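Trainee: Here it is: the structure, laid out below.
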Amino acid sequence: MTPTLPRTVRAVDTAQLLDLAEEAAMHSFSQRLPVDWLREHLATDATHYLFPTLVQRLTHRPETPLQWRCQQLLTVSSGEQVWGLLDVLPDTFDKIPETLDTASKKDLVSRIERAVRVRERVERMAADAGS
């Protein structure tokens, strides 16, 4: 039986996000940013947000556990918030405490939808460096 995808937003600090990214890398999940990139670019004292959007089951890799694909709102060292994806194990996600009220969650989902994609930010930074 497939677990029900939670319709919530969870807040994590940078250390927790790095742990989630390391877990995703360990399982070779397809949607994750490189842990080294995150360490280099995330604001160390920031809060980041995860919003599960779909249940991901890799039928071509049956040994891979079921995941929840989460949209992420990440705060980078410049203070800018950027959008990314992260596949998370359901049990891992469930262990993240529920700390946000309904109004905050709605606001965060709206901000996630408007955020610059990580790829766009990286491309912009490369273009600026080449100028």
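Nothing in this text is a laboratory measurement; each read-out follows from the coordinates by a stated rule. Everything quoted here is computed from the prediction, not taken from an experiment. Here the Cβ is made from the backbone with ideal geometry for all residues, glycine too, and neighbour counts use every protein chain on show.
Trainee: Return the residue satisfying two criteria in turn: it lies in the range 90-104 and is touching a strand residue (DSSP E or B) at 6+ places or on another chain (Cβ under 8 Å) and in a helix (DSSP H, G or I), and of such residues it is surrounded by the most Cβ atoms within 10 Å (Cβ to Cβ). Break it down stepwise before answering.
Mentor: Of all residues in the range 90-104, those touching a strand residue (DSSP E or B) at 6+ places or on another chain (Cβ under 8 Å) come to 90, 93, 96-100.
Now restrict to residues that are in a helix (DSSP H, G or I): 90, 93.
Numbers: PRO90: 18, PHE93: 20.
Across the range 90-104, the extreme among qualifying residues is PHE93.
Residues checked against (1) touching a residue at least 60 places away in the same chain (Cβ under 8 Å); (2) over 16 Å from the mean Cα position of the chain (by Cα):
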residue	(1), (2)
GLY79	no, yes
LEU108	yes, no
GLU113	no, no
VAL116	no, no
ARG121	no, no
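Trainee: Inside the range 19-60, can you point out the residues that are part of a helix (DSSP H, G or I), surrounded by fewer than 16 Cβ atoms within 10 Å (Cβ to Cβ) and either of a type in the set (Asp, Glu) or in contact (Cβ under 8 Å) with a residue 12 or more places away in the chain (or both)?
Mentor: Pass one, the range 19-60, residues part of a helix (DSSP H, G or I): 19-26, 35-41.
Still in the list and also surrounded by fewer than 16 Cβ atoms within 10 Å (Cβ to Cβ): 19, 22, 25-26, 36-37, 39-40.
Once the filter is applied, which keeps residues that are part of a helix (DSSP H, G or I), surrounded by fewer than 16 Cβ atoms within 10 Å (Cβ to Cβ) and either of a type in the set (Asp, Glu) or in contact (Cβ under 8 Å) with a residue 12 or more places away in the chain (or both), the range 19-60 yields ASP19, GLU22, ASP36, ARG39, GLU40.
Trainee: Let me ask you something else. Exactly one condition in (1) among the acidic types (Asp, Glu); (2) in contact with a strand residue (DSSP E or B) (Cβ under 7 Å, 6 or more places away or on another chain); (3) in a loop (DSSP other than H, G, I, E, B) is not met by ASP87; state its number.
Mentor: (3)
Trainee: Hey, does the range 60-76 have a residue that's among the hydroxyl-bearing types (Ser, Thr, Tyr), within 27 Å of GLU123 (Cα to Cα) and over 14 Å from the mean Cα position of the chain (by Cα)? Spell out how you get there, then give the answer.
Mentor: Of the range 60-76, the ones among the hydroxyl-bearing types (Ser, Thr, Tyr) are 64, 75.
Now restrict to residues that are within 27 Å of GLU123 (Cα to Cα): 75.
Pick out the ones that are also over 14 Å from the mean Cα position of the chain (by Cα) and you get none.
The answer is no; no qualifying residue exists.
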